[in-house]
Structures are given as C-alpha cells and as structure tokens.
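The values are calculated or read from the model by the stated rules, or taken from the named source; none is laboratory data. Keep in mind that this is a model prediction, so the values were computed, not measured. Quick reminder, even Gly has a Cβ in these numbers, built from the backbone with ideal geometry, and neighbours come from all protein chains shown.
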Ligand SMILES: [Fe+2]
C-alpha cells in the first residue's frame, strides 16, 4: 500500500523572493514533483533518524556487526537528504525542513521503545520497503509530469533502497 499524505501544507512554497524557473515544465507539473520530493525527503529523514537511533541503541550477540551495518546505512541516508533537498531547490521551490513540516509530510512511524536487535532489522526493512513502493508510484507520476531529471534521480534511489532492503532481509532465513 502506498501512503501518500495529500493533506500536507505546501503554502510556504514560492513565499521567498526567488526568480521563477524557465525549464520547460508548467507550474502545476513542477509543483506536483516538488510535493513528491517533499514526501520523499520527510520519509528519508525519519528513516535516517531511526537507523541512527538503532546504531546507538542496538544490543545483543550481533552488536558489532549491526552497529557497523546501521552506521553505513544511516550515513548513506544522510547523504541522500542533501540530494533530495537540492533537487527541490533545482525546481525553484524552498525545502520543507523543520521538524513540524517533516512530521506532517512523512508516512513512516517513529519508534518509542528500544526494540530487540531482530525487531530493529525488521522495522528498518519494512520502512525501506514502504519507501520502495512509494517510489515506484512516484516515478510514474514524475514521468507523467515530464521531469526526466527527477525520474532519473528517483530511479537511482529506488535501486539503493532495494539493495539496503536485501541486506536487511538477508538476516532472516
Ligand atoms: Fe557511531
């Protein structure tokens, strides 16, 4: 199931004094793509925080391996945040980047407790799979809007999430 929060508030877009883009997309097309990228940014931020949380708080027999694996994964997610945000700026809009805005935009859930190590892996896997399903839909919508650059970017991102999901899934028989 794709979770896409239609009700998010995008009224802050184009509030600043910035020059309009002239890149062959209508305002409606670029706004649609920016909304998608904003949801993706929020999901990625939430998953970055969760992965870093688990890097710090994992315990058990496999501590060393999981501590290191989560380190690699949160570092890669952190790098992607800048790429997603700068893609939004390239389309001429400002980036929703406060906790309140990201909370409104994400469809991922936070963890309150410290889960067992296996549960951590399962939770991260489920979040990556949610993002992969979302991206599959979003890429189609971005293609419909005629945005080749974002389509290419999101296609590369889906491959990255699929690889991480495979690594997480491989912990289970
Ligand atoms: Fe660390």
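Worth pointing out:
- Any hit, the range 79-100, residues being farther than 18 Å from residue 141 by Cβ, within 16 Å of the ligand (Cβ to nearest atom) and assigned to a helix (DSSP H, G or I): yes
- Only listed residue being touching a helix residue (DSSP H, G or I) at 6+ places or on another chain (Cβ under 6 Å) and under 15 Å from residue 41 (Cα atoms), chosen from 125, 108: 108
- Going through (1) over 13 Å from the mean Cα position of the chain (by Cα); (2) at pLDDT 95 or above one by one, residue 93 falls short only on (2).
- The range 56-79 residues that are within 13 Å of residue 117 (Cβ to Cβ), paired with ones that are exposed (fewer than 12 other Cβ atoms within 10 Å of the Cβ) (beta carbon under 8 Å, 6 or more apart): 66/60
Residues are listed down the side, and each one gets a yes or a no for (1) more than 13 Å from the chain's Cα centre (by Cα); (2) modelled with pLDDT of 95 or more; (3) over 14 Å from residue 34 (Cα atoms); (4) outside any helix (DSSP H, G or I):
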site	(1), (2), (3), (4)
132	no, yes, yes, no
138	no, yes, no, no
142	yes, yes, no, no
152	yes, yes, yes, no
158	no, yes, yes, no
161	no, yes, yes, no
165	yes, yes, yes, no
168	yes, yes, yes, no
173	yes, no, yes, yes
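- Here is the figure for the range 37-74: residues that are farther than 30 Å from residue 93 by Cα, more than 14 Å from the ligand (Cβ to nearest atom) and crowded, with 23+ Cβ neighbours inside 10 Å total 0.
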